[in-house]
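Structure first, then comments.
Taken together, the values in this text are just the output of simple stated rules run on the coordinates, not laboratory data. Being a predicted model, the structure only gives us computed values, none of them experimental. Positions of Cβ are backbone-derived with ideal geometry, glycine not excepted, and every protein chain shown enters the neighbour counts.
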Amino acid sequence: MDKIKSGIKGLDKILKGGLPKNRTVLVAGKSGTGKSLLGAQFIYEGLKNNENCVYVTLEELNDHLINDLKEIGLDFAKYEKSGRLKIIGGSIGKITYFKDKTKATALDLINEVIEVVAETKAKRLVLDSINLFLGLFENDNERRRALAGLTYKLADIGNCTALLTCEVREGTNDLSWYGFEEFVVDGIISLYRVPYKNTFERGIAVIKMRGINHDYTICHCQISSKGLEIYPEQKLIYEFK
C-alpha cells in the first residue's frame, strides 16, 4: 500500500513508513494530549511538499489557530494566502450560529468539506474535532450515518488522506466520544497522558491501521517548541489509571 509521510518525528517509524494513502484515520485522546498539534503537523508536511490541504477547525477561531501554530514554526497564513491551504470553520459556536441563522444542516457542512477537497484536489484533510462535528446532529443514528457518509465520500474522491481528531472522556479508556467512531475509520492513533509523580508522561500508540503492519506498543512522546515528537525506542511503562 502507498504511504505518505506524517510530518511528526518518530511516527512514521511506528507506522513502518508512513500513513496509508487515501485512508481516514482517527486521532483520539483526552484533552491536552496533542491531537490538534498532530493534525496541524500532518497538514504542514503536505504544504511543504506542494500538496493542497484542507483544515476544518471547530475548536478555535481561524486567527487564533494561525497565531498559535506560528509560535511553533507552522506558518499556516503563508500557505492560506497562496491558496494551497483552505481553512474551514472557526469554532463550534460560530458554526452553530451560522447553521441556525441560514437554516443550513450539518449535512450541508459535510458537502461543503467534500466540495472543497474535490475542487482544490487536496491531498490531506484534517477535521478538528469529529466529536464536535457529530454533535451537530440530533441523535446517534444520524451521527453514524454522517460519519459513514463522510468517510465514503472521501474514499470516493480517491486522492485525500484524512485525519479526524476525537476527544475522549476523562476517567475512561474509550477510543472515541460516542463509542462508534473507531469502527467506521480505517485507522486509530491514540494519544495518552499518564500522571507520574508531579507531572504527566505522554504516550502514543497505533491501535489499528488497515492495510499495513505497524508497531503495537505505547511509545513515549513529548510536546515542545518543535511540536509533537515521538520516540519509538522509548516505551511507556507507567501504569494507566
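What angle do you read, to the nearest 10 degrees and between 0 and 90, between the alpha-carbon axis of helix 140-157 and the longest principal axis of the chain?
Tilt relative to the chain: about 90 degrees.
Would you mind calculating the relative contact order of the stretch 3-190 from Cα pairs under 8 angstrom and at least 6 residues apart, reporting the percent as a whole number?
Normalised by residue count, the contact order of the stretch 3-190 is 33 percent.
By how many degrees, between 0 and 90 and to the nearest 10, does the Cα long axis of helix 92-102 differ from the longest principal axis of the chain?
That helix lies at roughly 10 degrees to the long axis.
Which of the listed residues, ALA155, LEU19, THR120, is farthest toward the dipole's positive end in the chain, when Lys, Arg count +1 and Asp, Glu count -1 at the beta-carbon?
Farthest along the dipole direction, towards plus: LEU19.
For THR217 paired with LYS16, estimate the spin-label separation in nm (one decimal), with each label point 7 Å from Cα along the Cα-to-Cβ line.
It is 1.6 nm.
Could you point to the residue in CYS53, VAL185, GLY32 farthest towards the positive end of the chain's charge dipole, with +1 and -1 charges on the Cβ of Lys/Arg and Asp/Glu respectively?
Among CYS53, VAL185, GLY32, the one farthest towards the positive end of the dipole of the chain is CYS53.
May I ask you to list the residues of the stretch 112-149 whose amide nitrogen lies under 20 Å from a point 7 Å from Cα along the Cα→beta-carbon direction of ARG84?
Residues 116-127 qualify, since their backbone N sits under 20 Å from the label point.
Before rounding to the nearest 500, sum -39500 (n - 2.57) across all DSSP H runs of length at least 4 in the chain and divide by the residue total; then give [θ] at 222 nm in deg cm²/dmol.
So the calculated ellipticity at 222 nm is -10500 deg cm²/dmol.
Each label point is 7 Å from the Cα along the Cα-to-Cβ direction; what then is the distance between the points at ILE72 and SER31, in nm?
1.8
Nearest 20 debye, what's the magnitude of the dipole of the chain about its Cα centre given +1 on Lys and Arg Cβ and -1 on Asp and Glu Cβ?
Magnitude of the dipole: close to 500 debye.
Rounded to whole Å, give me the distance from the Cα center of the stretch 1-47 to that of the stretch 189-206.
17
Consider just the alpha-carbon atoms of the stretch 3-190 and return their Rg together with their Dmax, both in angstrom.
15.4, 47
What is the antiparallel percent of DSSP beta bridges lying wholly in the chain, to the nearest 5?
So the antiparallel bridges amount to about 45 percent of the total.
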